[in-house]
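So the structure is just underneath, and the comments pick up after that.
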Amino acid sequence: MQVSKNTKLIIGNWKENPENLEIAEQLLEITKNFSEKISEKFFLAHAVPNIFVGFLMQKNSENSQNIILQNISCFEGGSHTGEISAMQAKNLGIKASIVGHSETRLSPQNPRGDEDTQVNLKIKNLFAQEMSVILCVGEFIRSDDSNKKDDYKKYIATQLQNCLQGFNEKDFEKLVIAYEPIWAIGKDAKRAATNEEIVETISFIKSTTHPRGSLVKVLYGGSVDENNAKEILNLENVDGILVGRASSDPEKWQKLLQNIS
Ligand code: PGA
């Protein structure tokens, strides 16, 4: 994923959607039409379900950079049923994967999910294949209690420290971080984070990531849709958006792209 400094990233995380390949192709067609109109301003990618990857890569060979993975194995290869290795992805021409999304992390809903140690291994495997990483971090709750107001910062700082342990400055060129507050994600979320919350947290992530943190692109994700995408993209320090639900609904995706252009 080669993008210049001022290019904003727009990543659609399809999750377990859409329900068939026809809609998947329709979504890619919308992106293609839009990409032809914008030049350096935005870079668009879709994190697609693994079952669609081969077909969509073949159909879109000239835009295959637009297709990335939602997750990757923490193993390098071998006897691990259901897993996909970074090497396999690289050999298919895939340039990047999301890792550490809250829906793939250990939680009461996902008792087999990843801890930071596994996320760290996944990043290591991706960097070893010279692939890019979109690392998701974000807190469960943001407290109004003045004594606990900054607890989310400690939570995010620990995630960053654990997940990014052992990497060097060169590796960071292939790193993108997505700030995804868990309370703002998905259909049960009450709202997206406010502009102030987004700017404050993204600045915090950049300042704590690394001496080179200011060079790492940081995206916002959580209830981004066709109505708020433009405003969020224009916020100071925000290098892009990670869009869930609105990215796999052709009507919403089309509107979102129209509204930001
Ligand atoms: P959402 O999901 O846009 O549906 O809230 C965002 C994400 O999980 O990446």
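Can you name the condition, by its number, that Asp188 falls short on among (1) without any contact (Cβ under 8 Å) to a residue 24 or more places away in the chain; (2) part of a helix (DSSP H, G or I); (3) not polar (S, T, N, Q)?
It is condition (2) that Asp188 fails.
From the set of residues in the range 172-185 that are more than 11 Å from the ligand (Cβ to nearest atom) and not in a helix (DSSP H, G or I), which is farthest from Ile141 (Cα to Cα)?
Leu175
Consider Gly221 carefully, then state whether it is within 13 Å of the ligand (Cβ to nearest atom) and either surrounded by 19 or more Cβ atoms within 10 Å (Cβ to Cβ) or on the phi > 0 side of the Ramachandran plot (or both).
Yes: the conditions hold for Gly221.
Take Asn259 and decide whether it is surrounded by fewer than 23 Cβ atoms within 10 Å (Cβ to Cβ) and either more than 11 Å from the ligand (Cβ to nearest atom) or closer than 17 Å to Ile98 by Cα (or both).
yes
Residues checked against (1) touching a residue at least 40 places away in the same chain (Cβ under 8 Å); (2) of a type in the set (Val, Ile, Thr); (3) surrounded by fewer than 20 Cβ atoms within 10 Å (Cβ to Cβ):
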| residue | (1), (2), (3) |
| --- | --- |
| Thr201 | yes, yes, no |
| Leu235 | yes, no, yes |
| Gly244 | yes, no, no |
| Pro250 | yes, no, yes |
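With the structure loaded, tell me whether Thr117 is among the hydroxyl-bearing types (Ser, Thr, Tyr) and either at pLDDT below 95 or within 16 Å of the chain's Cα centre (by Cα) (or both) or whether it fails that test.
no
Restrict the check to the range 159-171 and report whether at least one residue is part of a helix (DSSP H, G or I), touching a helix residue (DSSP H, G or I) at 6+ places or on another chain (Cβ under 7 Å), modelled with pLDDT under 95 and surrounded by fewer than 20 Cβ atoms within 10 Å (Cβ to Cβ).
Checking the range 159-171: at least one residue is part of a helix (DSSP H, G or I), touching a helix residue (DSSP H, G or I) at 6+ places or on another chain (Cβ under 7 Å), modelled with pLDDT under 95 and surrounded by fewer than 20 Cβ atoms within 10 Å (Cβ to Cβ).
Being outside any loop (DSSP other than H, G, I, E, B), over 15 Å from the mean Cα position of the chain (by Cα) and within 12 Å of the ligand (Cβ to nearest atom), is that true of even one residue in the range 246-253?
yes
How many of the residues making up the range 58-104 are assigned to a helix (DSSP H, G or I), at pLDDT 95 or above and out of contact with any Phe, Trp or Tyr (no Cβ under 9 Å at 6 or more places or on another chain)?
Matching residues across the range 58-104 total 7.
What do you reckon, is Val199 more than 16 Å from the ligand (Cβ to nearest atom) and either assigned to a strand (DSSP E or B) or among the aliphatic types (A, V, I, L, M) (or both)?
yes
Give all pairs with beta carbons closer than 8 Å in which a residue from the range 24-40 that is over 14 Å from Asn63 (Cα atoms) meets a residue that is buried (at least 16 other Cβ atoms within 10 Å of the Cβ) and not hydrophobic (A, V, I, L, M, F, W, C); count only pairs at least 6 apart in sequence or on separate chains.
Ala24/Pro18; Glu40/Thr7
Contact list please: Cβ distance under 7 Å, first residue in the range 107-122 and free of Cβ contacts under 8 Å to residues at least 12 places away in the same chain, second residue in a strand (DSSP E or B), pairs at least six apart or on different chains.
Close Cβ pairs (under 7 Å, with a partner that is in a strand (DSSP E or B)) amount to Gly113/Arg105; Gly113/Ser107.
The values are calculated or read from the model by the stated rules, or taken from the named source; none is laboratory data. Please read all numbers here as calculations on a predicted model, not as lab measurements. Positions of Cβ are generated from backbone atoms using ideal geometry, with glycine treated the same way; all protein chains shown enter the neighbour counts.
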